[in-house]
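Everything below concerns the one structure shown next.
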Amino acid sequence: MSKVILVFGQVRNSEPTRPTLECLSLAAGLGGDVHCILLGTGAKAAAAAAGHQGASQVWANEDASFDKWDLAAVANTVDAAVKSTGAALVLVPATTHGKELAGKLAARHSAALASEVIGVSADGDGFKAVRPVYSGKVRATVKLSGSPVFATVRPNVLDVAAADSSKTATVNDLAAGQGDSRIQLVSVETKGDTGAVDLSEARVVVAGGRGLKGPENFHLIDGLATAFNGAVGASRMVVDAGWKEHRYQVGQTGKVVTPELYVAVGISGAIQHLVGMQNSGCIVAINNNPEAPIFKVADYGVVADLFEFVPKLAEELKA
Amino acid sequence: MNIIACVRQTPDTETVIKINGAANGIELDGVKLVLGPYDEYALEAAAQIKEKSGGEVTAVTVGGEKAAETLRHCLAVGADKAVHINDSGADDALAIATALANQIKKLPHDLVFVSNKGTDSDRGAVGPMLGELLGLPYVGLVTEIEVEGGSATVSRDVEGGAKEKFKVTLPAVICAQKGVRGEPRYASLPAIMKAKKKPIETVSPEGDLASLRKVQVEKLEYPPARPPGRMVPGESAADKAKELVRLLRSEAKVI
């Protein structure tokens, strides 16, 4: 018997997003029969990549209405697939959209939902998950009872297995579910920097703090992020002072990031910041105060005047 | 406008968290419990909308005896009254959402605020569950909200650098993110005095919550300790930059 593990995939530019690939990789590693839902423009084109990542079946609907988020319609569409596949486990990327979908469906099914997991394992007939709690200070292993069970998977933590182009998925049509006229998407405004790497999915994050002394100096962070081909982040102080918008904030009341490389520039390292980045792969701290708490979590510390050091570092990276 | 703000008592972020002997919970002795940092933003939004449109803000929480202290604080920072759903059962999103939904159904509600997540549970699951259980529209992680007539216009940032704007018919469940209405207010002394006279209703949870607790904590452990770091040597900024790039390339292999 092979249990069905259903992955809710997200599509961007006709490709599954990186968090989707992470979910597929996790599912394939559990040894179940992996199915993947892909909705909206480019869904069928993205199906090939889902197949290479181990999905045997893709449930797709290319209706462009799915490009504009409608929670009720997506939930009803996905719910039909949960029922028809008899999925034992439903994996959803823990993104803004994914988290509201998983919560809604888990409540509908009166089912277990493990949020923001960083690992799932088979446990007899059911599943166990590992998830950070207490802002990452503790890890919990939780047992999920019943069937189906749901889990949202924290982006950028799990590895993606190498794609195997010999594996392909059968693509099936999935009927669109009913929307909810009480929520209307009025507009989707795309910011000027859409080309830039998204903070929560970035491999490298370069974040700036109080040490920059003013918004006019933040270009140093932008320049260093470009040199690393990474995303820009900011400390709470920078956001509260209005130098950068909230979407750049790393830490408590901002984003939790887990890039392979995190570079903290002029950030002292208050606990509220540390909880947002301490699980990054490699941490570099640049600060002129050798006593700054950020050095306690750093793999590499640089005590230097950032105004002198950062341009030199950017230069060295380009060399 | 009748506004409900769902709140949660959490350990202060600065508190050192110690896992208990059975490794299935934390030591609560000496832990300072506060209103969830994200809940502060949701409560502030609720208070500001009420101050503009009139009505009442009711803070609702699910928790044991101590949770009443947090409700008292809520009454000093924008809530007019409070309901304490007294339940000391294991912390579980579906159980909490169900207890909240069953209570909120009995209260007049045009707008129900939840927040991003508890800084202890790290879930963010109760909000969308509550929307489903109440049969109401739900929008998560809202950074802007304007209420007019029977609807709310809300905006939020999503991954990929886009900002979504929705028009939502009320009643609705809205998850307020930081920045939705500026910085939360402090509890002033007069506000604290007034809060002491405001009512907190204590009720027992409705529904078979035990059967809903399907996520069971088996074990808590500390994350693996980070290996000790080191300072990058060098005489000048240029030397240090060169050495750091070398280490990142050949030792850490991250670039």
ask   = Quick one: how many residues across the stretch B:233-255 are open to solvent by 60 Å² or more (accessible area, probe 1.4 Å), over 17 Å from A:Pro311 (Cα atoms) and in a loop (DSSP other than H, G, I, E, B)?
value = 3
ask   = In the set B:Thr61, B:Thr70, B:Thr15, which member is surrounded by 24 or more Cβ atoms within 10 Å (Cβ to Cβ) and of a type in the set (S, T, N, Q)?
value = B:Thr61
query = Given B:Val215, B:Val245, B:Val232, which one is within 27 Å of the chain's Cα centre (by Cα) and within 7 Å of another protein chain (Cβ to nearest Cβ)?
reply = B:Val215
note = If we take the stretch A:29-94, then strands (runs of 3 or more DSSP E) inside it with 1 or more residues that are touching a Cys at 6+ places or on another chain (Cβ under 8 Å) and over 16 Å from A:Asp173 (Cβ atoms) are A:89-93
inquiry  = Pairs needed: first member in the stretch A:295-319, free of Cβ contacts under 8 Å to residues at least 60 places away in the same chain; second member anywhere, of a type in the set (Phe, Trp, Tyr); C-beta distance under 7 Å; at least 6 residues apart or different chains.
reply    = A:Gly301/A:Phe295; A:Val302/A:Phe309
note = Scanning the stretch B:93-131 for residues that are under 18 Å from A:Arg108 (Cα atoms) and outside any helix (DSSP H, G or I), the one nearest to the chain's Cα centre (by Cα) turns out to be B:Gly124
ask   = Looking at B:Glu27, B:Glu51, which is the one that is in the same structural domain as B:Gly127 (by TED's automatic domain parsing), of a type in the set (D, E, K, R) and farther than 25 Å from A:Val275 by Cα?
value = B:Glu51
query = Got at least one residue in the stretch A:74-94 being under 29 Å from B:Leu136 (Cβ atoms), without any contact (Cβ under 8 Å) to a residue 12 or more places away in the chain and open to solvent by 30 Å² or more (accessible area, probe 1.4 Å)?
reply = yes
note = Quick count over the stretch A:294-319, residues being in a loop (DSSP other than H, G, I, E, B), within 18 Å of B:Arg249 (Cβ to Cβ) and not small (Gly, Ala, Ser), is 1
note = Cβ pairs under 8 Å, 6+ apart or interchain, first in the stretch B:4-28 and at positive phi, second not hydrophobic (A, V, I, L, M, F, W, C), ordered by first then second residue, are B:Ala23/B:Lys219; B:Ala23/B:Glu221
key: Condition check for B:Glu144: within 13 Å of chain A (Cβ to nearest Cβ), open to solvent by less than 30 Å² (accessible area, probe 1.4 Å) and acidic (Asp, Glu)   = no
inquiry  = Conditions first: (1) aliphatic (A, V, I, L, M); (2) within 16 Å of the chain's Cα centre (by Cα); (3) more than 7 Å from chain B (Cβ to nearest Cβ); (4) crowded, with 22+ Cβ neighbours inside 10 Å. A:Leu105 passes all but one, so which condition is the exception?
reply    = (2)
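The values are calculated or read from the model by the stated rules, or taken from the named source; none is laboratory data. Here the structure is a predicted model, which is why all the values come from computation and not from measurement. Every residue, glycine as well, gets a Cβ built from its backbone with ideal geometry; the counts of neighbours run over all protein chains shown. SASA here: full protein model, heavy atoms, side chains in, ligands and nucleic acids out. Shrake-Rupley method; radii C 1.70, N 1.55, O 1.52, S 1.80 Å.
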